[in-house]
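One structure is given below, encoded as structure tokens.
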Amino acid sequence: MALFLVFFGQAAVAECAAYEADYVPWSGWWWPFTQGGLVTGSDYRGRPSPLEKYDYVTCGRYGGPATKYGMSHYYDEDAVLWAGMCFSWAAASILEDEPVHAGIYDGTVFRVGDKKGLLTAACDGTLYNRYPFDKPEEFHRVLEDFIRNQGAPIIMDLGITGEIWNYPVFKYDMNYTESGNTRHYTVKIYYVDDHVQRDYVGARIHTETHYYYLKLEGGVVVDSGWEGGSKNYHPKNASEPFGTNCRNPGIDVGIVRNIAAAGDPYEGNDSIEKAAALSSGHYSLLAI
């Protein structure tokens with residue numbers, strides 16, 4: 001309760017405010033289950049897929065344990081069209097550094113999309129705290145507590161008509177007008193999109209605006225409600241990711257992070273002094 005009172009007391013000092021997290025999460029792909037691209041590669045570069053490459057460098061074959069688990073959990077031709085890995089991607093984009101270039105790990109080329117896909121799979125099993133938005137005051141408090149006070153992005157479910165679409169929200173603009181003891185808010189949130197090319201680097205930003213009122217007595221919120229178009233559509237909940245306990249038994253999160261950080265030891269290899277040794281006497285040009 002103390003946090004709640006301090007929170008709204010601070011919000012009352014200004015009619016307009018804009019706050020942004022300390023960093024912007026990265027865009028990636030949501031790997032829809034109907035395509036199963038993490039195991040089939042059908043919505044990326046084909047075979048070998050990201051998980052097949054992972055199995056190749058960790059156990060020497062494409063159809064290893066990571067791929068087998070992925071085939072039964074990340075691929076379903078009969079799944080609803082919106083089902084996929086959006087939550088795992090959103091968590092990865094908040095928790096993990098963005099891969100910004102292709103790299104070579106154990107002689108195998110991993111493109112940016114491979115790396116982001118593996119980080120997404122590693123975050124299948126994300127540990128999180130969830131905050132439902134039964135009333136707009138809870139949406140209001142999450143924005144201020146995480147983005148303003150902590151400088152931390154937060155995952156929000158922005159889906160409509162029963163669909164679930166999770167995105168990392170990292171910034172908001174907040175304005176309000178007062179009428180008696182009621183404040184009418186207009187809040188624009190900024191979030192990172194996951195409908196990009198698989199090798200995309202950076203953050204593709206979208207926004208949406210929501211409207212609600214807060215009724216206060218003595219600085220304490222006693223009532224709230226959605227207004228305008230937000231009556232029928234507004235964020236459903238927020239999730240605070242703080243780690244992962246990967247469900248895929250074939251994946252070692254530490255190895256995934258090493259793959260994601262891998263560079264190209266052959267870049268600039270234009271002299272004897274800079275030559276990189278091939279550990280196994282060959283260079284595996286998988287999906288180069």
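The values are calculated or read from the model by the stated rules, or taken from the named source; none is laboratory data. Because the structure is a prediction, the values reported are computed rather than measured. Neighbour counts run over all protein chains shown; Cβ positions are idealised from the backbone, glycine included. Side chains included, ligands, DNA and RNA excluded: accessible areas come from the protein's heavy atoms. Shrake-Rupley method; radii C 1.70, N 1.55, O 1.52, S 1.80 Å.
Expressed as a whole percentage, what fraction of the accessible surface of the chain belongs to carbon and sulfur atoms when a 1.4 Å probe is rolled over the protein heavy atoms? It would help to have the intermediate numbers written out before the result.
Working: 6540 of 13120 Å².
Ligands and nucleic acids excluded, carbon and sulfur reach 50 percent.
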>> What does the charge count around Arg148 come to, taking other residues whose C-beta lies under 13 Å from its C-beta (Lys +1, Arg +1, Asp -1, Glu -1)?
In response: -3
> What list of ³J(HN,Hα) couplings, whole Hz, do you get for segment 156-163 from phi and the Karplus terms 6.51, -1.76, 1.60, once you set θ to phi - 60° and write x for glycine and proline?
Replying inline: 10, 8, 10, x, 10, 6, x, 7
> Applying 1/(1 + (r/R0)^6) with R0 = 41 Å to the Cβ-Cβ distance of Asp97 and Glu227, what FRET efficiency is obtained, to the nearest 0.05?
Replying inline: 0.55
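How high is the relative contact order of segment 161-253, in percent, counting Cα pairs under 8 Å that sit 6 or more residues apart? The partial results should precede the final answer.
On the way: 118 pairs, mean separation 17.7, N = 93.
The normalised contact order for segment 161-253 reaches 19 percent.
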>> From Cα pairs below 8 angstrom and at least 6 apart in sequence, can you work out the relative contact order of the chain, rounded to a whole percent?
In response: 26
> Which one is right for this structure if semi-axes √(5λ) of the Cα gyration tensor in Å is calculated from it: (1) 43, 20, 15; (2) 43, 24, 18; (3) 52, 18, 16?
Replying inline: (1)
> Measuring from label point to label point, each 7 Å out along Cα→Cβ, what is the Thr161 to His195 span in nm?
Replying inline: 1.3
>> Can you sort Thr186, Thr120, Thr40, Thr161 by solvent-accessible area, 1.4 Å probe, largest first?
In response: Thr161, Thr186, Thr40, Thr120
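Please compute the per residue accessible area over the chain with all protein chains in place, 1.4 Å probe, rounded to a whole number of Å².
On the way: 13120 Å² over 288 residues.
Per residue, the chain has 46 Å² of solvent-accessible surface.
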> To the nearest 10 degrees, how steeply does helix 2-11 sit against the main Cα axis of the chain, on a 0 to 90 scale?
Replying inline: 80
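Place a +1 charge on the Cβ of each Lys and Arg in the chain and a -1 charge on the Cβ of each Asp and Glu, then give the dipole magnitude about the Cα centre in debye, rounded to the nearest 20. Provide the component values of the computation, followed by the final result.
Working: 23 positive and 37 negative charges, 73 e Å.
That gives a dipole near 360 debye.
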>> As I understand it, the dipole of the chain uses +1 on the Cβ of Lys and Arg and -1 on the Cβ of Asp and Glu, about the Cα centre. Which of Asn232, Gly64, Val142 lies farthest toward its positive end?
In response: Gly64
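Among 204-213, 84-93, how do they line up by average Cβ neighbours within 10 Å per residue, starting with the highest? The partial results should precede the final answer.
Working: 204-213: 16.2, 84-93: 27.2.
Top to bottom by mean Cβ count within 10 Å: 84-93, 204-213.
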>> I'd like to know which of Gly180, His195, Ser49 lies farthest towards the positive end of the charge dipole of the chain, counting +1 on Cβ of Lys and Arg and -1 on Cβ of Asp and Glu.
In response: Ser49
> Where does helix 86-95 land angle-wise versus the long Cα axis of the chain, in degrees 0 to 90, nearest 10?
Replying inline: 90
>> Cut-off 19 Å, label point 7 angstrom out along Cα-to-Cβ of Glu77: give me the residues of segment 43-67 whose amide nitrogen falls inside.
In response: 43-44, 46-47, 49
> Hey, what angle do you get for helix 112-122 against the long axis of the chain, alpha-carbon based, 0 to 90 degrees rounded to 10?
Replying inline: 70
> Considering only Ile154, Ile205, Ile251, whose Cα is most displaced toward the positive end of the charge dipole of the chain, charges sitting on Cβ of Lys, Arg (+1) and Asp, Glu (-1)?
Replying inline: Ile251
